[in-house]
Amino acid sequence: MSRANSSTTASTPTRPLLDPRGPRFGAMITAVLLLVVLFLSLTGASTAALILLALITALFAWGTLAGAGRHPYGALFRKFVRPRLAAPSELEDAAPPTFAQGVGLAVTLVGMVLGLAGVPGAVGVAAAAAFVAAFLNAVFDYCLGCQIYLLLVRFGLLNRGAQVRDA
């Protein structure tokens, strides 16, 4: 798995597990929305781009604070997509995708704040950076935020090492 084997079959009550296809589905929606932000910022519709980036930032905040499993895109996945799929072969720890939501929040929040401050191109640059990460997750199942999480665990900067194997 591209998440550097962040999957686990053992669960503890404080460590929820996710169907790994859920965050990938959410990344697909996020990538499309970020592409719209980028298009709007390139065509001069800076107010619309900023408003849409603010919405995406709020969604990243939701995923960061409530957890990737409680994100609105996760609810859409569980209701409309997962019933049409076979059961996942394995579940993954929700901590790396939740951390990835925090990375997306940081990137889009910086773009939004700089955009509100009038920094030219900030919204488009933030949208482009977040789009790359969302696209990689949606298309190639490669979660940059999850990889950052695993590196931080490996270097002892996060205390989650017991749940992460073969990082």
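FYI, it's all coordinate maths here, none of it is from the lab. Fair warning: this is a prediction, and the values are worked out from it, not measured in the lab. Cβ sites come from the backbone with ideal geometry, for glycine too, and all protein chains shown count toward neighbours.
Per DSSP H run of at least 4 residues, take -39500 (n - 2.57); add these up for the chain, divide by its residues and hand me the 222 nm value, nearest 500 deg cm²/dmol.
-20000 deg cm²/dmol
Once Lys and Arg get +1 and Asp and Glu get -1 on their Cβ, which of 80, 123, 103 lies farthest toward the positive end of the dipole of the chain?
80
What is the gain in length, in nm to one decimal, between residue 119 and residue 47 on full extension, counting 0.36 nm per residue of separation less the C-alpha to C-alpha distance?
Residue separation times 0.36 nm, minus the Cα-Cα distance, leaves 24.6 nm.
Test of understanding: ordering 30, 98 by Cβ neighbours within 10 Å, fewest first, what list do you get?
Result, fewest neighbours first: 98, 30.
Taking amide H positions as placed 1.01 Å from N in the peptide plane, with prolines and chain starts having none, which residues 5 or more places from residue 158, or on another chain, fall under 5 Å of its amide H?
Sorted by chain and number, the residues that satisfy this are 153.
Return the distance in nm (one decimal) between the two label points of a simple spin-label model at residue 65 and residue 140, each offset 7 Å from Cα along Cα→Cβ.
3.3
Using the reciprocal of the averaged 1/r over all distinct C-alpha pairs, how large is the Kirkwood radius of segment 42-91 in Å?
13.0
If we count other beta carbons within 10 Å of each Cβ, what is the order of 73, 149, 142, fewest first?
In order of increasing Cβ crowding within 10 Å: 142, 73, 149.
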